[in-house]
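**Student:** Structure in C-alpha cells, see below.
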Amino acid sequence: TTQLDKDKWELNLNVATASTASVTGGLDCAVEDNSGKQSWHRKTAASFKKGITATKLSAQMKNIKAWSPESPNLYYLKIKTRVANTIPDVKKIRFGFREIKVRGTQILLNGKPLLIKGISRHELYPGTGSTVSAIRTKMDLQDIKDLGCNMIRTAHYTQHPLVYDLCDELGLLVWTEIPAWKTRVETLADDHVWGKYGAPQLQEMIEQNRNHPSIIVWS
C-alpha cells in the first residue's frame, strides 16, 4: 500500500494462481473493513496458463483508515477465481494500510516521524520453557503494549502466525528474524551459509508474512 494523501491510498496486488491446465476466466477482488463494509471491488478477465500465473492489479482508494500503533485499523482482501464449470478458489487476507519510509535518519510511519519504544521478546516461560501457550503469548504482548511500547523484536527466530496476528490487532510494530540465536559470528559471516540457508529463509519469511501491517523490519 502507498499513501497518496491523508486518507487516500493506492493498493497494489500481486496475485499468483496455480492451474493444472490452461483455462480462461477471471478474478473477483474486494476489500472490506472490519464491519464488512465494502471499500473496493473489481472483476477482471484473465487467462490462467498451466502452472503459475501472476496477475497484478492496482487501485486508488479514498476514505481509508490507516494502520498505526495508536489506531490498528484492519481490512480484508477477498479474492475469488472465476472459471466456468469449476468450483471457485477463495482466499481471504487480513491487512492494513500503512507505509514505512526513511528520510535521513528518521523513520516515517504514514508520513509521520516514528519514535520506536520496544522490547526483545523470547518465547520462554517458567515451567514450559520454549513452549508458550496462546493465552500466555497474548498476555505477554498486552503487557508490552501496556508498558507504553509500540514495537517488539522476535529475538531471534520467526514466530507462530498467532504472534503476528495479535500484533496486527494490538498495534505493536514487529522486527522479525530468521533463526540465528546462539549462532557463531563466523557462521553468520560465511557467504556459503548465507547463500544456502540465510537468504532462502529470509525470502520465505517475507513471502509468508508480508501482508501483516505490523511487520516493518525483516532481519
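The values are calculated or read from the model by the stated rules, or taken from the named source; none is laboratory data. What you see is a predicted model; the values in this text were computed from it and never measured. A quick note on method: Cβ atoms are made from the backbone with ideal geometry, for glycine too, and the neighbour counts reach across all protein chains shown. Side chains are part of the model used for accessible areas, which takes the heavy atoms of the whole protein and leaves out ligands, DNA and RNA. Shrake-Rupley method; radii C 1.70, N 1.55, O 1.52, S 1.80 Å.
**Student:** Might you check whether a residue that is surrounded by 14 or more Cβ atoms within 10 Å (Cβ to Cβ) and either over 15 Å from Thr17 (Cα atoms) or among the aromatic types (Phe, Trp, Tyr) (or both) occurs anywhere in segment 76-83?
**Tutor:** The answer is yes; a qualifying residue exists.
**Student:** Are any residues in segment 86-105 within 20 Å of Arg153 (Cβ to Cβ) and not in a loop (DSSP other than H, G, I, E, B), and if so, which ones?
**Tutor:** Within segment 86-105, Ile100, Val102 meet the criteria.
**Student:** Is it fair to say Thr44 is open to solvent by less than 60 Å² (accessible area, probe 1.4 Å), free of Cβ contacts under 8 Å to residues at least 24 places away in the same chain, under 20 Å from Asn12 (Cα atoms) and not in a loop (DSSP other than H, G, I, E, B)?
**Tutor:** yes
**Student:** Out of everything in segment 73-85 that is under 18 Å from the mean Cα position of the chain (by Cα) and part of a loop (DSSP other than H, G, I, E, B), what residue ends up being nearest to Asp28 (Cα to Cα)?
**Tutor:** The qualifying residue nearest to Asp28 (Cα to Cα) is Leu74.
**Student:** Follow-up question, since we're still on this one. Please tell me if Arg153 is touching a strand residue (DSSP E or B) at 6+ places or on another chain (Cβ under 7 Å) and of a type outside the set (Val, Ile, Thr).
**Tutor:** Yes, satisfied.
**Student:** Would you say Glu70 is outside any strand (DSSP E or B) and of a type in the set (D, E, K, R)?
**Tutor:** Yes, satisfied.
**Student:** Can you tell me which residues in segment 140-154 are among the polar types (S, T, N, Q) and open to solvent by 60 Å² or more (accessible area, probe 1.4 Å)?
**Tutor:** Gln142
**Student:** Take the residues in segment 19-37 that are under 25 Å from the mean Cα position of the chain (by Cα) and exposed (fewer than 11 other Cβ atoms within 10 Å of the Cβ); name whichever of them is farthest from Asp168 (Cα to Cα).
**Tutor:** Lys37
**Student:** Related question: From the list Lys49, Lys62, exactly one residue is farther than 30 Å from Leu115 by Cα, open to solvent by 20 Å² or more (accessible area, probe 1.4 Å), of a type in the set (D, E, K, R) and in contact (Cβ under 8 Å) with a residue 24 or more places away in the chain. Which is it?
**Tutor:** Being farther than 30 Å from Leu115 by Cα, open to solvent by 20 Å² or more (accessible area, probe 1.4 Å), of a type in the set (D, E, K, R) and in contact (Cβ under 8 Å) with a residue 24 or more places away in the chain holds for just one of Lys49, Lys62, which is Lys49.
**Student:** Next question. Among the candidates Ile116, Ile152, Ile144, single out the residue that is closer than 28 Å to Tyr197 by Cα and modelled with pLDDT of 95 or more.
**Tutor:** After applying the criteria, what remains is Ile152.
**Student:** Next up: Restricting to segment 120-139, and then to whatever is in a strand (DSSP E or B) and open to solvent by 60 Å² or more (accessible area, probe 1.4 Å), can you tell me which residue is farthest from Val23 (Cα to Cα)?
**Tutor:** Of everything passing the filter in segment 120-139, Tyr125 is farthest from Val23 (Cα to Cα).
**Student:** While we're here: I'd like the full set of residues that are closer than 24 Å to Lys43 by Cβ and among the hydroxyl-bearing types (Ser, Thr, Tyr), limited to segment 53-107.
**Tutor:** Matches in segment 53-107: Thr53, Thr55, Ser58, Tyr75, Tyr76, Thr81, Thr86.
**Student:** State all residues of segment 171-215 that are touching a residue at least 12 places away in the same chain (Cβ under 8 Å), farther than 24 Å from Leu74 by Cβ, of a type in the set (A, V, I, L, M, F, W, C) and not in a loop (DSSP other than H, G, I, E, B); if no residue qualifies, say none.
**Tutor:** Leu202 - this is the single residue of segment 171-215 that is touching a residue at least 12 places away in the same chain (Cβ under 8 Å), farther than 24 Å from Leu74 by Cβ, of a type in the set (A, V, I, L, M, F, W, C) and not in a loop (DSSP other than H, G, I, E, B).
**Student:** Please determine, by comparing only the residues of segment 94-119 that are surrounded by fewer than 12 Cβ atoms within 10 Å (Cβ to Cβ) and of a type in the set (A, V, I, L, M), which one is farthest from Ala134 (Cα to Cα).
**Tutor:** Val102
**Student:** Mind listing whichever residues of segment 1-18 are over 17 Å from the mean Cα position of the chain (by Cα) and among the hydroxyl-bearing types (Ser, Thr, Tyr)?
**Tutor:** Within segment 1-18, just Thr17 meets the criteria.
**Student:** Also, I was wondering about something else. Can you tell me which residues in segment 161-219 are of a type in the set (Phe, Trp, Tyr), surrounded by fewer than 16 Cβ atoms within 10 Å (Cβ to Cβ) and within 20 Å of Arg98 (Cα to Cα)?
**Tutor:** Result: Trp218, single match.
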